1. Being crowded, with 24+ Cβ neighbours inside 10 Å and over 24 Å from R206 (Cβ atoms) is the requirement here; does D248 meet it?
2. What are the pairs, 6+ residues apart or on separate chains, where a residue within segment 95-116 that is modelled with pLDDT of 95 or more and part of a helix (DSSP H, G or I) has its Cβ under 7 Å from a residue that is open to solvent by less than 40 Å² (accessible area, probe 1.4 Å) and acidic (D, E)?
3. Does A171 satisfy being closer than 15 Å to G423 by Cβ and not hydroxyl-bearing (S, T, Y)?
4. Filter segment 270-294 down to the residues that are farther than 17 Å from A258 by Cα and not aliphatic (A, V, I, L, M), then identify the one that is surrounded by the fewest Cβ atoms within 10 Å (Cβ to Cβ).
5. I'd like to verify a number: residues in segment 304-319 that are open to solvent by less than 20 Å² (accessible area, probe 1.4 Å) and either assigned to a strand (DSSP E or B) or at pLDDT below 95 (or both), how many?
6. Kindly indicate the residue of segment 143-193 that is in contact with a strand residue (DSSP E or B) (Cβ under 8 Å, 6 or more places away or on another chain) and in a loop (DSSP other than H, G, I, E, B) and also least open to solvent (accessible area, probe 1.4 Å) among those meeting that condition.
7. If you check V72, V35, which single one turns out to be within 22 Å of S134 (Cα to Cα), aliphatic (A, V, I, L, M), open to solvent by 20 Å² or more (accessible area, probe 1.4 Å) and free of Cβ contacts under 8 Å to residues at least 40 places away in the same chain?
8. Filter segment 201-242 down to the residues that are aliphatic (A, V, I, L, M), surrounded by fewer than 17 Cβ atoms within 10 Å (Cβ to Cβ) and within 18 Å of D419 (Cβ to Cβ), then identify the one that is modelled with the highest pLDDT.
Amino acid sequence: MKTESAGLPARIAAQAILSDVLRKRRPLDAVQDDVLAQANLSQRDAGFARTIVGETLRRFGQLDALIKHFVVKPPAPHRVGPVPEILLAGACELLFLDVPPHAAVDAANRLCERDNKAVHFRPLVNAVLRRVASEGKSILAKQDAARLNTPDWLWTRWCEAYGEETTRKIAAAHLSPAPLDVVVKDKAQAAQFFPDAENLFDNVFRLRDAGRVDALPRYAGGAWWVQDVAASLPARLLGDVNGQSVIDLCAAPGGKTAQLASMGANVIAVEREASRLSRITENLDRLHLNATLIESDIRDFVPETLTPFVLLDAPCSATGTMRRHPELGWIKSASDVMACAQGARELLDAAADMLAPDGILVFAVCSLEPEEGLEQITSFLESREDFARVSINADEVFGMSRLLTADGDLRTLPCHLPDGMDGFYAARLRKLR
């Protein structure tokens, strides 16, 4: 009887995660949390599983094309069990993770043996992965990685919105795992616990090869929180909020709530989902920050008094976050963009009605899709004569004029920093009366 090979538990978990994400179109974070919690892996194996899954999804288009090169007539999906996922992950190990061929191929064979359907295709899996090991890198060298790893529906949309040259830069940015960006409460102390971090601007720092977040210095003490550099910009567009009332709508996961509270604002954070609101509570407690938390759909929420500042980070397709969520392009479609765009207008109108005259509303989405960003604001301003756009200037984004549109809105792209940043759109509006 064969003994369990090293790394097999991690590969079993990775296979399960990939199957759930690609077949059921479930978000990676949710699937990964569920599978890894049940698998009870060591930290090392859990890390290996995450690495296999993350790199397989980042390179899914290339890997899929490569496997189709070797398997011209794939068997019917209902007959093969998890064979597609075994092949994808095995090829990823060989070509992108530099796992020795004997280890990757042996593990794939063992995965096949564990499934009553896949076991019948073990010879196929063995043969394909051996060819991948010997011929794969030469085939990769001829592939158009940017194009293959971007789903057709997104490639077409982005070329129309940004041009092919910029689309290629966006796609290239998606191929590297995102570093960890943190916002430090006291910038003067940052060098003490993050001596090797890059100070991007103000109190935002970038860590590379950070490891487990909760094991980093001063995490438990609440000295900082995780927030992508792009996500830290919309709240800054409100200006000086010290001592002012600010309504933070669709507040989870809570980075902007923490940011506003640390800026001295009296924050009312509104979130529809109780579980996500609990996460905000936990983060604020760790950070020793205060905010008033409201569980409500923002379309039903009526503040006691109109407020001078409102921040709406609207639900969206999140296509600007694909560096961190490489599955999004493969589990979503243009219809998801349309659904989000339709819902955003209701939320924008609700947010506008919470604002006092002369108040400032910042609308933001972590999407690259025009329908969810610029087109929302264009339509809103056409129908609401009581609002006007307030242009953002380069000084407000630390001199990075490339982050601003001709209309004076914020438009960050994943390719705007050498190590990437999330894609965000934000517009600032003033209520005239």
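The values are calculated or read from the model by the stated rules, or taken from the named source; none is laboratory data. None of the values given here were measured: they were computed from a predicted structure. Please note: Cβ atoms are built from the backbone with ideal geometry, for glycine as well, and neighbour counts cover all protein chains shown. Ligands, DNA and RNA are excluded from the accessible area calculation, which covers all protein heavy atoms including side chains. Shrake-Rupley method; radii C 1.70, N 1.55, O 1.52, S 1.80 Å.
1. Yes, satisfied.
2. Between residues of segment 95-116 that are modelled with pLDDT of 95 or more and part of a helix (DSSP H, G or I) and residues that are open to solvent by less than 40 Å² (accessible area, probe 1.4 Å) and acidic (D, E), the close pairs are A104/E93.
3. For A171, the condition - closer than 15 Å to G423 by Cβ and not hydroxyl-bearing (S, T, Y) - is met.
4. S275
5. Qualifying residue count for the region: 4.
6. So, considering only residues that are in contact with a strand residue (DSSP E or B) (Cβ under 8 Å, 6 or more places away or on another chain) and in a loop (DSSP other than H, G, I, E, B), the one least open to solvent (accessible area, probe 1.4 Å) is P179.
7. Among V72, V35, only V72 is within 22 Å of S134 (Cα to Cα), aliphatic (A, V, I, L, M), open to solvent by 20 Å² or more (accessible area, probe 1.4 Å) and free of Cβ contacts under 8 Å to residues at least 40 places away in the same chain.
8. The residue in question is V213.
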